[in-house]
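J.: Have a look at this one.
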Amino acid sequence: MEQKKGANNNNKIKAVIFDIGGVLQLGNPSFEHPNVHSYIAKKLGINLDQYFDSIDTPYAKSIEKKISEKKALKIMARNLKTNPSELRELYFKAYRKYYTLNKKLLEFAFRIRKRGYKIAILSDQWYLSKKALASKNLYNGFDEIIISCDVGLRKPNPEVYRLILRKLKLKSKEIIFVDNQKWNITPAKKLGMKTILFKNNKQAIQEISKLLK
């Protein structure tokens, strides 16, 4: 009797890990085109250099859970000469404007889960982007979700990749990791994961499907 293809047979791959920003949530990360940061800078009437100088330290610290959401917003709002509640609303408007849930890739993820593979998320987010782009109701059904501002680790720190391996209880060779940034792919590859640099849905789905055969 022919066995059904899937993660429980001889296939070494047992899980696929996805990034959120630029993968499960499609947006325009380029600083050369309108995006979340340029939108907020424009709304506040300042140039991008001023904006990044104003948010740089608290924004980076909040991605790694080194300061609280309240403190990060307070510092950023003070530097940007606005108030925390207005700044919070600006960010949520910007995330809604420049990101769209990648339904096609999400549907593909759940299809392979039905075949017996685990699916997981590994993403760098600060507190507000997590609420806007990584709320639990969007990704119900994923086996593991690790967000940097929850665990205090971010890519490309190898420890965050090791953390999700422990959570999934799998070896690196049993994983496919999908991300849209080369510098996040590198440590995953060094650990032994199969990696895919996301460019578009067609390319990513084809490459994942090939590795799962």
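J.: Report the residue count in the stretch 36-57 for those that are crowded, with 18+ Cβ neighbours inside 10 Å and of a type outside the set (A, V, I, L, M).
T.: Residues flagged as crowded, with 18+ Cβ neighbours inside 10 Å and of a type outside the set (A, V, I, L, M) within the stretch 36-57 amount to 4.
J.: Going by the conditions given, is THR186 under 25 Å from TRP126 (Cβ atoms) and buried (at least 18 other Cβ atoms within 10 Å of the Cβ)?
T.: No; evaluated as a whole, the condition is false for this residue.
J.: Right, next: Would you mind stating whether ILE175 is more than 20 Å from ALA60 (Cα to Cα), without any contact (Cβ under 8 Å) to a residue 40 or more places away in the chain, buried (at least 16 other Cβ atoms within 10 Å of the Cβ) and touching a strand residue (DSSP E or B) at 6+ places or on another chain (Cβ under 9 Å)?
T.: No: the conditions fail for ILE175.
Residue-wise test of (1) in contact with a strand residue (DSSP E or B) (Cβ under 6 Å, 6 or more places away or on another chain); (2) over 24 Å from GLY27 (Cα atoms); (3) surrounded by 15 or more Cβ atoms within 10 Å (Cβ to Cβ).
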position	(1), (2), (3)
LYS81	no, yes, no
GLU86	no, no, no
ALA94	no, no, yes
LYS104	no, no, no
ARG115	no, yes, no
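J.: Here is a follow-up. Residues that are of a type in the set (Lys, Arg), closer than 21 Å to LYS103 by Cα and out of contact with any Gly (no Cβ under 9 Å at 6 or more places or on another chain), at least 2 per element: which helices (runs of 4 or more DSSP H) completely within the stretch 139-213 meet that?
T.: Where helices (runs of 4 or more DSSP H) fall fully within the stretch 139-213 and carry at least 2 residues being of a type in the set (Lys, Arg), closer than 21 Å to LYS103 by Cα and out of contact with any Gly (no Cβ under 9 Å at 6 or more places or on another chain), they are 201-212.
J.: Does LYS104 count as more than 13 Å from the chain's Cα centre (by Cα), part of a loop (DSSP other than H, G, I, E, B) and on the phi < 0 side of the Ramachandran plot?
T.: no
J.: A follow-up question, please. Looking only at the stretch 121-138, filter to residues that are assigned to a helix (DSSP H, G or I) and among the hydrophobic types (A, V, I, L, M, F, W, C); which one of those is modelled with the lowest pLDDT?
T.: Here the residue is LEU138.
J.: Oh, and also: Only one of these conditions is not met by ILE63: (1) in the same structural domain as LYS199 (by TED's automatic domain parsing); (2) under 19 Å from LYS155 (Cβ atoms). Which number is it?
T.: (1)
J.: Just one of (1) among the hydrophobic types (A, V, I, L, M, F, W, C); (2) surrounded by 19 or more Cβ atoms within 10 Å (Cβ to Cβ); (3) without any contact (Cβ under 8 Å) to a residue 24 or more places away in the chain trips up ALA60, so point out which.
T.: It fails just one condition, (2).
J.: Additional query: Within the group SER148, SER129, which residue is hydroxyl-bearing (Ser, Thr, Tyr), crowded, with 16+ Cβ neighbours inside 10 Å and touching a Lys or Arg at 6+ places or on another chain (Cβ under 7 Å)?
T.: SER148
The values are calculated or read from the model by the stated rules, or taken from the named source; none is laboratory data. Everything quoted here is computed from the prediction, not taken from an experiment. For neighbour counting, all protein chains shown are included, and Cβ atoms are generated from backbone atoms with ideal geometry for every residue, glycine included.
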